[in-house]
Amino acid sequence: MKSKKIKKHHIGRLIIKSILTLLLSFFITLIYLGRQFLIDQINVINFKPAQGVVELVDRSGMNSYGKFLYLASSPTLKDSAEFNNNCNRIESTTSILGCYSNDKIYIYNIADPQLDGIREVTATHETLHSIYVRLSYFEKMKVNKLLDDEYKKLADNKAFQEKMAFYDRNESNQRSNELHSIIATEISSISPELEAYYSKYFDNRQKVVQLNDKYISVFKSIETKALALKSEIDSLLALITDRSSKYGEALATLNNDINLFNNKAENNQFSSQSQFNKERTLLLDRINTVNIEMEYINQQIVRYNSILDEYNSLATKSQSLYDVLDSTLAAPSSI
């Protein structure tokens, strides 16, 4: 009996110790959150945004709290040189449009009107990084579960999977953090639970998704048209190659038969004028057929060259747009 009382006494002490530990963690979290909020308030009060910086999140559908956290991260629009100094490019084949570094948001200042919306999406994406790092341990556990569930539903989304593969290669420890930004800014339909979570920071999250779709559609439109042109080019090339080969064979046979006909005529080998006329008419018909085929092939060659020029022009346009995204291609500073 005595040993049981000692055991109960120890269990009671352990329970009390656990409760105290939890309470201490809770108060530490409250102090941290209060401290972070105070820091954010000071940052927002002291921050003097450059022209156009605030409007980026106004267009993206973020609410006043989301906008507050955006401004608390001292967002700046940077041209190439300054941007590259603050945001490291991870892969040479992938452009970086923004980053959240040292508690600050940097956005590459892409002003091309064809890519309207890209800066807004980038600003929102980076703001969501600043939001994620402010979540408590328990909040992250809950949100990460919702993000993972959404990730599984997007298994057949090729563009999404390619994007996540990039982060898995380079920032695997930031997977949930990246999902937190990508899903919010790029995926229209998500679970009600995750939508409710994002509503803490958005009045209308669909606005940023629509902006993302808008600028992405520019690239998709070029890609779709280019694929259609490439298919037409390949079909025409196959047709021209096949018909040219058959035309060459028919022309060679025809020329040989014309030579035979001329030899017969020169050597008076036709039995009658009617035989001569009959064979001559047949040859003229064949000449006409070969000429029609030659004209058709030439028309297809002209068409092929025209479509090829259009395809190359489209490829140039596509490359120029991708170059706009690449901060490393900017001209060097003058001496």
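Things worth noting here:
- Only helices (runs of 4 or more DSSP H) whose full extent lies in the range 88-194 are considered here, and the ones with at least 2 residues that are touching a strand residue (DSSP E or B) at 6+ places or on another chain (Cβ under 6 Å) are 118-134.
- Each residue in the range 50-65 was checked for being surrounded by fewer than 24 Cβ atoms within 10 Å (Cβ to Cβ) and touching a strand residue (DSSP E or B) at 6+ places or on another chain (Cβ under 8 Å), and 5 pass.
- Condition met for Ala226 (of a type in the set (A, V, I, L, M), under 21 Å from Leu115 (Cβ atoms), touching a Leu at 6+ places or on another chain (Cβ under 6 Å) and not assigned by TED's automatic domain parsing to the domain that holds Leu97): yes
For (1) at pLDDT 90 or above; (2) exposed (fewer than 11 other Cβ atoms within 10 Å of the Cβ); (3) under 13 Å from the mean Cα position of the chain (by Cα); (4) under 20 Å from Gln206 (Cβ atoms), each residue gets a yes or a no:
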{"residue": "Glu150", "(1), (2), (3), (4)": "yes, no, no, yes"}
{"residue": "Lys153", "(1), (2), (3), (4)": "yes, no, no, yes"}
{"residue": "Tyr167", "(1), (2), (3), (4)": "no, no, no, no"}
{"residue": "Arg175", "(1), (2), (3), (4)": "no, no, no, no"}
{"residue": "Glu178", "(1), (2), (3), (4)": "yes, no, no, no"}
{"residue": "Ser181", "(1), (2), (3), (4)": "yes, no, no, yes"}
{"residue": "Ala184", "(1), (2), (3), (4)": "yes, no, no, yes"}
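- Hey, Ala252 modelled with pLDDT under 95, over 30 Å from Phe160 (Cα atoms) and either over 45 Å from the mean Cα position of the chain (by Cα) or of a type in the set (Val, Ile, Thr) (or both) or not: no
- Residue in the range 199-206 that is within 30 Å of Leu115 (Cα to Cα), assigned by TED's automatic domain parsing to the domain that holds Val57 and assigned to a helix (DSSP H, G or I) present: yes
- Matching entry among Ala123, Ala159, Ala155, Ala111 (being in contact with a Gly (Cβ under 9 Å, 6 or more places away or on another chain) and of a type in the set (Gly, Ala, Ser)): Ala123
The values are calculated or read from the model by the stated rules, or taken from the named source; none is laboratory data. Worth saying up front: this structure is predicted, and the values here are computed from it rather than measured. Using ideal geometry, Cβ is built from the backbone for each residue, glycine included, and neighbour counts are taken over all protein chains shown.
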